[in-house]
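Encoded as structure tokens, the structure appears first; notes follow it.
The values are calculated or read from the model by the stated rules, or taken from the named source; none is laboratory data. Remember, it's a predicted structure, so these values are computed and weren't measured experimentally. Please note: Cβ atoms are built from the backbone with ideal geometry, for glycine as well, and neighbour counts cover all protein chains shown. Accessible surface areas use protein heavy atoms only, side chains included; no ligands, DNA or RNA. Shrake-Rupley method; radii C 1.70, N 1.55, O 1.52, S 1.80 Å.
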Amino acid sequence: MEYPFLEVKGISKRFPGVKALDKVHLSVDRGMALGLVGENGAGKSTLIKILTGAYQRDEGEVLIDGKPVQLNNTSDAKRLGINAVYQDIMLAPKLSVGENMFLGNLPTNKLGVVDWKKVNVQTLKTLSNLNILVNPKEKLENLSAVNQEMIAIAKAYYEKSKLVIFDEPTALLANEEIAELFNMINKLKEEGVAIIYISHRLEEIFAICDTYTVLRDGSNVTSGRTCDVDERKLVHYMVGRDISAMYTIERPKAGTDFIKVDGLAKKGKFGDVSFSVKKGEIFGIFGLIGAGRTDIVRCLFGADKATAGKLYLDGRECAIRSPDDAIALGIGLLPEQRRTQGLALQLSVRENINLPRYKKISPLGIVNRKDEIAISEEYRERINIRTPSINQKVQNLSGGNQQKVVISRWVAMNPRLLIFDEPTVGVDVGAKIEIYKLMEEFVNQGLSIIIISSYLPEIIGLSDRVMVIFEGRQMGIFNREDLNEELLLEAASGLIIK
């Protein structure tokens with residue numbers, strides 16, 4: 001009898017007050033890719049930590065080639081050929097590619113000295129086999145995000161992995177880099193490696209996976225072949241309800257210009273950018289990663305200093321020299337790197353929501369606790385932050401709920417313009433829809449929104465107009481009725497200018 005490479009049978013895991021997994025089962029064959037899907041909190045991360053030896057299961061068994069195995073620690077998992085590649089690369093950025101390849105197991109000669117020749121030659125050989133053109137002596141931190149992921153995959157390949165788990169691997173990659181990653185995954189499949197692939201971008205599940213398993217609230221919902229379902233049905237399995245039009249939001253008739261940007265530039269980053277955003281409008285900014293999109297909005301928010309240009313609010317010229325100036329003018333920024341730039345992870349939900357308000361609610365340096373708690377509870381309910389308490393540390397929340405905390409912080413400041421930079425990276429489909437509905441609420445209240453997104457369905461589905469940036473240059477502003485993926489990609493590649 002031929003067994004799947006990996007089988008999970010009846011796995012359960014409990015934490016204090018929470019049953020994270022309840023008799024979960026799945027299987028994946030050699031040379032096949034299983035898409036593991038579900039909302040944040042469905043149990044995906046807990047299951048992966050059990051498979052990699054980071055957590056211990058309370059019930060159930062894990063079988064490899066039909067035989068039960070113990071995964072008491074990460075060393076057990078690696079010995080059995082199980083490796084994981086995460087969104088946040090778990091390697092040493094200050095070390096070379098070769099050092100990372102042999103991390104924890106550097107070869108030595110008879111004198112006990114590191115054999116650097118062997119390190120570099122073996123690393124080069126491994127990279128060449130995978131068509132990765134990187135110098136083994138190059139520091140990892142000097143590589144692009146996609147090449148860092150490629151090194152993580154090459155390391156798993158060198159260690160003769162039999163199962164590689166990919167956890168949101170494309171979250172920080174551009175479209176052409178995703179194609180490179182998929183080529184690599186297909187090569188692993190051709191060599192008989194089993195794959196478990198986790199992504200909130202469902203089109204990726206259909207592009208790379210042969211089968212799927214859906215988890216909801218720590219339990220199995222269904223499994224099957226990806227060729228037998230479509231995206232709408234998969235979403236229904238995930239969230240328990242039909243999602244007929246994810247990007248359908250009610251749009252008010254846009255008002256007059258709230259903000260006008262004239263000839264904005266930052267030397268070495270972008271130049272001569274001009275646009276306006278109307279009251280009640282969602283204005284999109286699209287471009288490949290590194291094109292200058294984030295640099296533009298950081299200058300608008302005063303986090304970076306522009307070297308040229310003028311800014312007008314309600315027709316009056318103004319200067320924004322710092323984030324404090326922007327906040328005073330009613331501008332809020334939800335940064336791309338929410339965990340490092342948008343949140344204080346060690347602080348509570350209550351403290352994070354109130355961070356920009358403490359000056360107002362701390363007369364004589366004493367925090368008005370009643371006000372602080374009232375605001376936190378109000379926005380916890382209004383923005384639907386799923387947390388057991390406003391005193392919960394933000395680091396313990398899901399990605400979608402962390403993003404809602406950032407949104408709550410700015411909405412509590414009564415903004416006039418909200419800037420969303422990659423608002424749904426690492427956010428599950430249910431939380432995405434909630435965030436889109438919040439945007440709908442905001443524009444219907446007359447707020448202006450700027451959204452930056454690398455995800456074309458999102459930027460096309462939400463925006464009233466889209467400005468495209470290529471290598472720091474403005475390629476044009478396109479109206480909603482003209483938007484399509486081909487047009488935006490051509491402009492973002494510098495092929496057309498409007």
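Leaving ligands, DNA and RNA out of it, report the carbon-plus-sulfur percent of the accessible area of the stretch 9-64 at a 1.4 Å probe.
Working: 1130 of 2280 Å².
Here it works out to 49 percent.
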Quick one: what does P(r) look like for the stretch 67-172 with 5 Å bins over all Cα pairs, in whole %? 2, 12, 21, 23, 20, 12, 6, 3, 1
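Work out how much length Glu441 to Gln392 would gain on full extension: take 0.36 nm times their residue separation and subtract the Cα-Cα distance, in nm to one decimal.
15.0 nm
Please report the relative contact order for the stretch 290-355, taking Cα pairs under 8 Å with a sequence separation of at least 6, and give it as a percent rounded to a whole number.
Here the relative contact order equals 23 percent.
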Heavy-atom accessible area per residue of the stretch 91-193, all protein chains kept, 1.4 Å probe, expressed in Å², is 50 Å²
Separation between Cα centres of the stretch 112-160 and the stretch 5-41, rounded to whole Å: 31 Å
Give me the net charge of Asn129's neighbourhood, meaning all other residues with Cβ under 14 Å from the Cβ of Asn129; Lys, Arg count +1, Asp, Glu -1. +1
For the stretch 341-482, the accessible surface attributable to carbon and sulfur atoms (probe 1.4 angstrom, ligands and nucleic acids excluded) amounts in percent to 49 percent
From the phi angles alone, apply the Karplus equation (6.51, -1.76, 1.60; θ = phi - 60°) to the stretch 341-347 and give each ³J(HN,Hα) in whole Hz, x where the residue is Gly or Pro. 10, x, 9, 9, 4, 7, 8
The set of residues whose placed amide H lies less than 5 Å from the amide H of Asp428, leaving out same-chain residues fewer than 5 positions away, is Asn40, Gly400
Grab the Cα-Cα distance for Arg251 and Glu490, subtract it from 0.36 nm times how many residues apart they are, and report the gain in nm with one decimal. 83.3 nm
Separation of alpha-carbon centers, the stretch 394-438 and the stretch 475-498, rounded to whole Å: 27 Å
Which value, in nm² and rounded to one decimal, describes the direction-averaged projected area of the C-alpha convex hull of the stretch 358-459? 7.2 nm²
Note to self: with every protein chain in place and a 1.4 Å probe, the stretch 277-370 gives an accessible area per residue in Å² of 50 Å²
Net charge near Thr74: determine it from the other residues with C-beta under 13 Å of the C-beta of Thr74, scoring Lys and Arg +1 and Asp and Glu -1. +1
Taking protein heavy atoms only, a 1.4 Å probe, and rounding to whole percent, the accessible area of the stretch 96-150 owed to carbon and sulfur comes out at 51 percent
What is the gain in length, in nm to one decimal, between Asn105 and Lys359 on full extension, counting 0.36 nm per residue of separation less the C-alpha to C-alpha distance? 86.3 nm
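Relative to the Cα centre, what is the charge dipole magnitude of the stretch 358-498, using +1 at the beta carbon of each Lys and Arg, -1 at the beta carbon of each Asp and Glu, and rounding to the nearest 20 debye?
In debye, rounded to 20, the stretch 358-498 gives about 800.
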Unit charges at the beta carbon, dipole of the chain: most positive-side option, Cys299, Leu63, Gly365: Gly365
How long is the stretch 406-481 along each principal axis, judged by its Cα atoms, biggest number first, in Å? 35, 27, 24
Sorting check: for 40-49, 376-385, which peptide has the highest mean count of neighbouring beta carbons within 10 Å, and how do the rest follow? 40-49, 376-385
Working from Cα positions, state the angle (0 to 90°, nearest 10) between the long axis of helix 429-444 and the longest principal axis of the chain. 0 degrees
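Find the eigenvalues of the gyration tensor of the Cα atoms of the stretch 1-138, then list the square roots of 5 times those eigenvalues as equivalent ellipsoid semi-axes, largest first, in whole angstrom.
34, 17, 16
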If the limit is 19 Å between Cα atoms, which of Lys266/Lys305; Lys13/Lys155; Lys23/Lys162; Lys44/Lys187 go over it? Lys13/Lys155; Lys23/Lys162; Lys44/Lys187
Taking the dipole of the stretch 330-471 about the Cα centre (Lys, Arg +1; Asp, Glu -1; charges at Cβ), the one of Leu417, Ile407, Val349 that reaches farthest to the positive side is Val349
Roughly what % of Cα-Cα distances in the stretch 274-349 sit above 19 Å, to the whole percent? 44 percent
Projected onto the charge dipole of the stretch 431-495 (unit charges on the beta-carbon of Lys, Arg, Asp and Glu, signs +1, +1, -1, -1), the Cα from Ile433, Leu462, Gln474 with the largest positive-side position is that of Gln474
Just to confirm, what accessible area per residue do you get for the stretch 379-498 at 1.4 Å probe, in whole Å²? 34 Å²
Treating only the Cβ of Lys, Arg, Asp and Glu as charged (+1, +1, -1, -1), what charge dipole size does the chain show about its Cα centre? Round to the nearest 20 debye. 1460 debye
Under 11 Å from the Cβ of Leu234, count the other residues' Cβ atoms, weight Lys and Arg +1, Asp and Glu -1, and hand me the total. -2
Out-of-range pairs (alpha-carbon distance over 20 Å; input Lys269/Lys404; Lys253/Lys278; Lys9/Lys67): Lys269/Lys404
